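The structure appears below as structure tokens.
Derivation of every value follows stated rules applied to the coordinates shown; laboratory data play no part. In this text the structure is predicted, and so the values were computed from the model without any measurement. FYI the Cβ positions are ideal-geometry reconstructions off the backbone, even for glycines, and counts take in every protein chain you see.
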Amino acid sequence: THQLGAINFGAAKGLGLLGDLSGVEQRVIPTERYVAGGYCETTRVRRTLDDRPPFRVTLDPRQLDELVRLSEIGAAAGARVLWVSHPLPADHLRALENRAAIHHAIRETAERAGVVYRSYEDLDLDPLADFFDFHHLNAHGVERFNRALLADLERP
């Protein structure tokens with residue numbers, strides 16, 4: 001997991017997606033501890049399940065272009081490339097007004113790039129036991145997601 005995080009960071013830095021980080025100081029939040037690999041431990045409490053206000057996500061075409069570019073770099077190095085959407089709580093998914101359009105754009109781009117795309121957004125996870133907020137998995141959620149992902153990766 002640490003190697004994957006380092007690769008993601010290194011690739012983003014190498015492509016210039018992070019900009020100049022020389023003057024950036026890491027902000028420490030006393031109630032949180034980020035753990036490389038996809039979750040953050042926190043003492044903050046999630047709001048109620050159904051109070052997520054509707055929202056839209058703006059998908060910049062450059063994001064997909066860079067994803068294709070990173071995929072090409074990985075494939076050229078012999079990696080099996082797979083695009084994945086991580087699990088999200090049902091209330092978050094209901095509130096995302098343009099979810100279908102986002103998935104359509106990602107799937108269409110993946111097909112053009114010859115990459116497999118799998119969405120795990122609907123993975124049956126408990127919003128209180130497996131997430132610490134509206135979209136970040138906690139340690140238990142990461143374990144459950146990893147089991148599902150690894151089972152899929154073992155299939156040809």
Exercise. Based on other C-beta atoms within 10 Å, arrange T58, T109 from fewest to most.
Key: T58, T109
Quiz item: When L70, L59 are ordered from fewest to most other Cβ atoms inside 10 Å of their Cβ, what list results?
Solution: L59, L70
Quiz prompt | Dipole in debye (nearest 20) - the range 51-156, about Cα centre, beta carbon charges: Lys, Arg +1; Asp, Glu -1 | solution = 300 debye
Quiz item: Which order results if F55, F132 are arranged by neighbouring Cβ count within 10 Å, fewest first?
Solution: F55, F132
